[in-house]
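**Student:** Please find one structure pasted underneath; my questions will follow.
The values are calculated or read from the model by the stated rules, or taken from the named source; none is laboratory data. These numbers come from a predicted model, not from an experiment. Glycine also receives a Cβ, built like all others from the backbone with ideal geometry; neighbour counts cover every protein chain displayed. Each accessible area value is taken on the protein alone, full model and side chains, heavy atoms only, with ligands, DNA and RNA left out. Shrake-Rupley method; radii C 1.70, N 1.55, O 1.52, S 1.80 Å.
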Amino acid sequence: MRGNPGWNMSELRPDALGYRAGRSTSARVAVLASGRGTNLQALLDAEASGSLGKTRIVLVLSDRPQAKALERARQRGVEAVFLDPQPFPTREAYDEAVLNALRAREIGLVALAGFMRVLTPVLVRAFPDRILNIHPALLPSFPGLHAQRQALEHGVKVAGCTVHFVDEQVDHGPILLQAAVPVLEGDTEETLSARILAEEHRIYPQAVRLFAEGKIVVEGRKVRIVP
Ligand code: GRF
């Protein structure tokens, strides 16, 4: 059993549930994104509206220079970093550079939001139970790319999205939150994706808030949300 580490390791105390986070005082989040960044925007909006408490998104990092996510960060005065994968000989070397960027900014939680790279153990092991991902399917169904299309082609009646902790397998780690949407007659990949996306924008900020509040306990594959 392992507790949501929260932000400040020095505040960790054992209790009946294992290790729980102390209440956050300086919650520093990095968002990694490769594309349009609507989930990033939902997180920024939640922060601006006060619903993330003292959580601060302090860094947006992208592997693509044209990522709209970088633009969204700059518009909010958040540091936006393009880290070019090209000069790095291996994925691990790239992740080392990402890790250095995160450590330099004392990041406590990493939120992947459409980051189109599979993280290596270099990063995953440095942030155990501290990296969240959002995936547009009800995992463990339809991991990987084009999840909404996979769901449609499979003929499911219910689709949805998942926020989970990142482990060393793709779209696999312990599940924190899920939301379901109906698949409607005549849905296309676009219409279904839009319905799912609205739920993504609702549950991702909710997940970050739960983390920041130290309300998450991870027990093997199971995540409990505690008062
Ligand atoms: C979302 O559908 C998310 O679930 C997936 O990548 C997409 C990112 O969209 N991981 P956006 O860049 O946040 O708009």
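**Student:** Pairs needed: first member in the range 204-223, touching a residue at least 60 places away in the same chain (Cβ under 8 Å); second member anywhere, of a type in the set (Ser, Thr, Tyr) and open to solvent by 20 Å² or more (accessible area, probe 1.4 Å); C-beta distance under 8 Å; at least 6 residues apart or different chains.
**Tutor:** From residues that are touching a residue at least 60 places away in the same chain (Cβ under 8 Å), the pairs are Pro205/Ser51; Arg209/Ser51; Ala212/Ser24; Glu213/Ser24; Gly214/Ser24.
**Student:** So Lys54 passes all but one of these: (1) modelled with pLDDT of 95 or more; (2) open to solvent by 30 Å² or more (accessible area, probe 1.4 Å). Which condition number does it fail?
**Tutor:** (1)
**Student:** For Arg149, are the conditions met, namely being away from the ligand (no atom under 11 Å from the Cβ), farther than 24 Å from Pro65 by Cα and open to solvent by less than 30 Å² (accessible area, probe 1.4 Å)?
**Tutor:** So Arg149 does not fit the description; no.
**Student:** Select from the range 30-51 the residues that are near the ligand (Cβ under 9 Å from one of its atoms) and not β-branched (Val, Ile, Thr) and list them in ascending order.
**Tutor:** Ala33, Ser34, Gly35, Arg36, Gly37, Asn39, Leu40, Gln41, Ala42
**Student:** While we're looking at this one, here's another question. If you take just the helices (runs of 4 or more DSSP H) that sit entirely in the range 75-156, which of them hold at least 1 residues that are touching a residue at least 60 places away in the same chain (Cβ under 8 Å)?
**Tutor:** 91-104
**Student:** Can I ask one more? So if I check each of Phe127, Phe115, which one is more than 16 Å from the ligand (Cβ to nearest atom), surrounded by 15 or more Cβ atoms within 10 Å (Cβ to Cβ) and either farther than 30 Å from Ser193 by Cα or not charged (D, E, K, R) (or both)?
**Tutor:** From the options Phe127, Phe115, the qualifying one is Phe127.
**Student:** State all residues of the range 94-112 that are more than 16 Å from the ligand (Cβ to nearest atom) and open to solvent by less than 30 Å² (accessible area, probe 1.4 Å); if no residue qualifies, say none.
**Tutor:** Matches in the range 94-112: Tyr94, Asp95, Ala97, Val98, Leu99, Ala101, Leu102, Ile107, Gly108, Leu109.
**Student:** Then there is this: Could you grab me the full set of residues in the range 130-144 that are among the hydrophobic types (A, V, I, L, M, F, W, C), open to solvent by 20 Å² or more (accessible area, probe 1.4 Å) and on the phi < 0 side of the Ramachandran plot?
**Tutor:** Of everything in the range 130-144, just one residue is among the hydrophobic types (A, V, I, L, M, F, W, C), open to solvent by 20 Å² or more (accessible area, probe 1.4 Å) and on the phi < 0 side of the Ramachandran plot, namely Leu138.
Residues are listed down the side, and each one gets a yes or a no for (1) touching a strand residue (DSSP E or B) at 6+ places or on another chain (Cβ under 8 Å); (2) of a type outside the set (A, V, I, L, M, F, W, C):
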position: His164; (1), (2): yes, yes
position: Asp167; (1), (2): no, yes
position: Leu184; (1), (2): no, no
position: Ala207; (1), (2): yes, no
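**Student:** Further question on the same structure: Which condition number does Leu70 fail, the rest of (1) within 17 Å of Ala30 (Cβ to Cβ); (2) part of a loop (DSSP other than H, G, I, E, B); (3) among the hydrophobic types (A, V, I, L, M, F, W, C); (4) within 16 Å of the ligand (Cβ to nearest atom) being met?
**Tutor:** Status for Leu70: all satisfied but (2).
**Student:** If you scan the range 23-44, which residues turn out to be within 23 Å of Arg130 (Cβ to Cβ), open to solvent by 70 Å² or more (accessible area, probe 1.4 Å) and within 17 Å of the chain's Cα centre (by Cα)?
**Tutor:** Arg28
**Student:** Sticking with this structure for a sec: Those residues that are loosely packed, with under 13 Cβ neighbours inside 10 Å and acidic (Asp, Glu), I need them from the range 60-91; list them, please.
**Tutor:** Hit for the range 60-91 is Asp84, nothing else.
**Student:** If you don't mind, there's one more thing I want to ask. Looking at (1) within 16 Å of the ligand (Cβ to nearest atom); (2) open to solvent by less than 20 Å² (accessible area, probe 1.4 Å); (3) on the phi < 0 side of the Ramachandran plot, can you tell me which one Thr120 breaks?
**Tutor:** Answer for Thr120: the failing condition is (1).
**Student:** Here's a check for you: in the range 177-218, which residue that is assigned to a helix (DSSP H, G or I) and among the hydroxyl-bearing types (Ser, Thr, Tyr) is farthest from the ligand (Cβ to nearest atom)?
**Tutor:** Only one residue tops the list, namely Thr191.
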